[in-house]
């Protein structure tokens with residue numbers, strides 16, 4: 001089976017790939033390095049601690065041991081320019097719309113909602129319009145280049161508002177995309193360092209202080225008490241760690257990642273000491289000082305459990321894909337598909353209008369019926385149509401049913417492709 005996607009094998013001597021990369025290098029060379037950006041997303045198990053050897057004080061060992069690891073996952077959207085002087089605020093994609101932890105508070109980073117915490121085209125457009133373009137306009141009025149990989153959830157190439165979007169050739173981002181050259185890894189290590197540091201700080205409290213914190217947490221609404229009250233991280237904790245972690249990633253680290261990718265000419269700066277290079281060693285020592293039973297191997301696993309080549313991460317994503325496919329299959333079976341063959345496949349619009357659907361060869365009829373929708377809701381039209389109104393309404397409802405059926409099929413096909421890519425990633 002031939003699979004296409006960022007996880008597929010790449011032949012670095014392939015002439016077609018090398019020619020495509022040369023074309024990309026020529027485009028990049030037209031821009032000042034200050035104005036060349038790379039964006040990528042990554043998954044993060046924000047709730048997870050090292051196995052269940054390290055429990056928060058308020059977790060019950062009798063109910064926690066043997067349970068499946070917590071795989072509460074979010075996606076992070078990471079973007080910076082080539083010299084590291086402009087880091088776009090790191091955004092987070094989560095599942096809950098309004099978790100208890102955020103009640104009467106504000107998210108410290110941009111937060112987007114998606115049913116499976118994935119990057120999809122709609123979320124990508126929201127990030128571009130609500131985060132990236134605004135941040136870039138604050139900084140410069142010059143032409144800007146944004147480099148993306150060809151993941152399914154990204155929009156298509158375009159040029160707008162002095163921003164040009166171009167893509168890496170397929171299957172080469174593991175050795176050509178700067179975000180994959182250490183930027184994301186540094187961010188996630190720093191996140192986990194901050195999380196474990198707060199967990200260990202709580203362990204160091206005396207029993208009276210722990211009890212006081214626990215009682216304070218019990219007075220909060222359910223799921224609103226996080227690490228500060230002796231519980232695993234909730235989403236607000238995660239966003240605070242993400243913000244602090246991203247702020248701590250140095251410009252040199254980002255610039256060196258672009259240099260490592262070898263997509264442009266940059267002069268290397270003197271290496272700076274990475275304070276989290278010995279992350280595992282430092283945390284192991286701190287845990288040992290508290291007489292907690294967590295080995296270095298467990299910490300290594302904790303650091304890398306949500307790497308994109310991790311079997312656990314691929315399995316978690318695959319479970320989400322399977323669940324969504326099952327939901328779509330049930331919904332699709334409940335629709336009337338008798339005349340689907342008369343309608344051509346739909347595709348998501350690349351205009352940035354979110355869920356707009358374009359029907360090839362069917363646009364005119366689609367627009368006509370959409371124009372009728374407002375009229376059908378107008379009382380004057382209902383009175384004028386009289387006995388024909390019910391027929392018009394039924395016709396419109398039938399059309400909507402066909403639209404839903406087509407959209408579900410298109411999304412399901414896309415998810416099946418994603419599932420194949422995920423399986424491929426697990427096996428390679």
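Coordinate-derived values only; no laboratory data. For clarity, every value in this text was computed on a predicted model and none was experimentally measured. Every residue, glycine as well, gets a Cβ built from its backbone with ideal geometry; the counts of neighbours run over all protein chains shown.
Some points to look at:
- Bridges between two residues of the range 15-308, per DSSP, are antiparallel at a rate of about 60%.
- Compared with the direct C-alpha span, the chain from residue 23 to residue 161 gains 47.4 nm at full extension, assuming 0.36 nm per residue.
- Label-zone membership for the range 76-116, site residue 12, 7 angstrom Cα→C-beta point, backbone N under 13 Å: none
- Debye log10 I(q)/I(0) for the range 110-260, one point scatterer per Cα, at q = 0.08, 0.09, 0.17 Å⁻¹: -0.35, -0.43, -1.13
- Considering only Cα atoms, the convex hull volume of the range 15-308 works out to 148 Å³ per residue.
- 10 Å-binned pair-distance histogram of the range 68-165 (Cα, whole percent): 13, 44, 30, 12, 1, 0
- Packing-based order for 97-105, 125-133, 183-191, using average beta carbon neighbours within 10 Å, highest first: 183-191, 125-133, 97-105
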